Amino acid sequence: MTTEITFPVNQQDITSFSKDRNEPQWFSDLRLTSLDKALNLELPKPDKTKISKWNFTSFDFDAKVEESNSFSLLSEGVRSLIGDEKNIQNLLAQKNGVTTYEALHDDLNSKGVIFTDLKTGLQEHEELVKKYFMKDAISLDENRLTALHAALVNGGIFIYVPKNVEVELPLQAVYSHEGNFGLFNHVLIVADENSSVTYVENYLSEGSSTEAVANIVSEVYVENGAVVRYGAVDNLTETVTTYVNRRGQVTGRDAQLYWALGQMNDGNTVSENTTYLVGEGSYGDTKTVSIGRGKQSQNFTTNIIHFGKNSDGQILKHGVMKDAATSIFNGVSKIEHGATKANGEQTERVLMLSEKARGDANPILLIDEDDVTAGHAASVGKIDPVQMFYLMSRGLSRKEAERLIIHGFLEPVVGDLPIESVKEQLYDVIERKVY
């Protein structure tokens, strides 16, 4: 017996929404096709995590937010992330998918760099967006949630860095969520040959949030000799069910993609991060930290798939589980036939702080080529009682000792993140989640 799927929007709603945003016809058609596909496709099947009863379809599609560009209207939470207005360089802030603040350095335009919201990107840079949007890194018909994302995308940004351009200052985006709004956020980054850029994003909840959905997709395309550093701190409230899929297509020779991900949501979360190392000598590095608490359930899967010769993929993930939280940490290094001299290394470690907390680390190597190197390591355990005794014998309370142990456990990942601002934000989030 099959269960009928219903969404809070229909084709007429989508057509009106697309028309109001002045979107090109091909994008409007893609939305309608994707909604049809979403009705027939299955949910993704993350390993060892049942998500069939999670809420992915109960949300409000009305943002209830007006476009603006006023720093004074930003919330306290957003301001704490971006600092004083006079020091802001390259920032785009959105609330419930609507742009509420934008501050761009003049240097970006002079170099031909595009940093804008996706709505404007479709209007002013249609051909570039069309060339990359959900084409190679991720497909709209992979599963029900990718199709639903393509149908309902209502926020996000578009970044394009031309050939031989180095963006020295980081580009920052802040996505805030409020109420029971369904946030379908899309990030599209294209780094052309021999370019470089650092991008940092934050997801946070504001005000009172009821049962809601965040469906997030990121696509990063890295051409010959280009370098992209992508940092993210996800910090949505416990009432938000989150599906996040971040993909990187490292197509260029000697191209590099670095992920620095702080996955700190308090609600149920299924997350996939995949890097395709296509170019010869391409490099992918993924560092992830997470803290689970309460009764939340999480699944984090990191894939690095090697196609290019002499490609190098590194995975490092550390997670802390508190209360009755459960998390699965999957790491997959896949070396395809023909990817000679490839190297794939990964480490997953989970620390459990209570009897009811559960963590599972699963390193997986899939090797279809002989002349390669690969390795993995994993550990799951509780706080060492001897370590706890030693710290408490020096005058620390149990809570203070636990705090030090958590910071020490996460430091090998956080301390090695390539983006300083992400480090600072993560230290702050970790402090708040530990206490």
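Side notes on the structure shown:
- Ser397 being among the polar types (S, T, N, Q), touching a strand residue (DSSP E or B) at 6+ places or on another chain (Cβ under 8 Å) and on the phi < 0 side of the Ramachandran plot: no
Residue by residue, here is whether (1) open to solvent by 10 Å² or more (accessible area, probe 1.4 Å); (2) within 28 Å of Ser58 (Cα to Cα) holds:
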| residue | (1), (2) |
| --- | --- |
| Leu128 | yes, no |
| Val153 | no, yes |
| Ala173 | no, yes |
| Gly179 | yes, yes |
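- One residue alone among Thr99, Thr116, Thr146, Thr120 is modelled with pLDDT of 95 or more, over 21 Å from the mean Cα position of the chain (by Cα) and closer than 26 Å to Asp62 by Cβ, and that residue is Thr120.
- Residue-level check: of (1) more than 30 Å from Gly279 (Cα to Cα); (2) open to solvent by 80 Å² or more (accessible area, probe 1.4 Å), Leu351 misses just (2).
- Some residue of the stretch 36-55 being modelled with pLDDT of 95 or more, over 30 Å from Asn299 (Cβ atoms) and under 27 Å from the mean Cα position of the chain (by Cα): no
- Enumeration of residues in the stretch 126-146 that are in a helix (DSSP H, G or I) and in contact with a Gly (Cβ under 9 Å, 6 or more places away or on another chain): Leu128, Val129
- Pairs are defined by a Cβ separation below 6 Å, a sequence spacing of at least 6 or placement on different chains, a first member in the stretch 46-60 that is free of Cβ contacts under 8 Å to residues at least 12 places away in the same chain and closer than 20 Å to Val9 by Cα, and a second member that is open to solvent by 50 Å² or more (accessible area, probe 1.4 Å) and polar (S, T, N, Q); no pair meets this definition.
- Identity of the residue in the stretch 202-235, open to solvent by 10 Å² or more (accessible area, probe 1.4 Å) and more than 20 Å from the chain's Cα centre (by Cα), that ends up nearest to Gly77 (Cα to Cα): Gly207
- Here Glu424 passes the criteria (1) surrounded by fewer than 17 Cβ atoms within 10 Å (Cβ to Cβ); (2) under 25 Å from Val228 (Cβ atoms); (3) touching a residue at least 40 places away in the same chain (Cβ under 8 Å) except the one numbered (3).
- Any hit, the stretch 362-371, residues being farther than 14 Å from Thr302 by Cα and crowded, with 18+ Cβ neighbours inside 10 Å: no
- For Gly225, the conditions (1) in contact (Cβ under 8 Å) with a residue 40 or more places away in the chain; (2) more than 23 Å from Asp117 (Cα to Cα); (3) not hydroxyl-bearing (Ser, Thr, Tyr) all hold with the exception of (1).
Listed here are the residues, each with its yes/no results for (1) under 17 Å from Lys322 (Cβ atoms); (2) out of contact with any Cys (no Cβ under 8 Å at 6 or more places or on another chain); (3) part of a strand (DSSP E or B); (4) charged (D, E, K, R).
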residue	(1), (2), (3), (4)
Gly338	no, yes, no, no
Lys356	yes, yes, no, yes
Glu369	no, yes, no, yes
Arg403	yes, yes, no, yes
Pro412	no, yes, no, no
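- Exactly one residue out of Val289, Val244 is out of contact with any Ser or Thr (no Cβ under 8 Å at 6 or more places or on another chain), open to solvent by less than 10 Å² (accessible area, probe 1.4 Å), in a strand (DSSP E or B) and farther than 17 Å from Asn343 by Cβ: that is Val289.
The values are calculated or read from the model by the stated rules, or taken from the named source; none is laboratory data. None of these values were measured; they are calculated from a predicted model. With ideal geometry, Cβ positions are generated from the backbone for all residues, glycine too; neighbour counts draw on all protein chains shown. Accessible surface areas use protein heavy atoms only, side chains included; no ligands, DNA or RNA. Shrake-Rupley method; radii C 1.70, N 1.55, O 1.52, S 1.80 Å.
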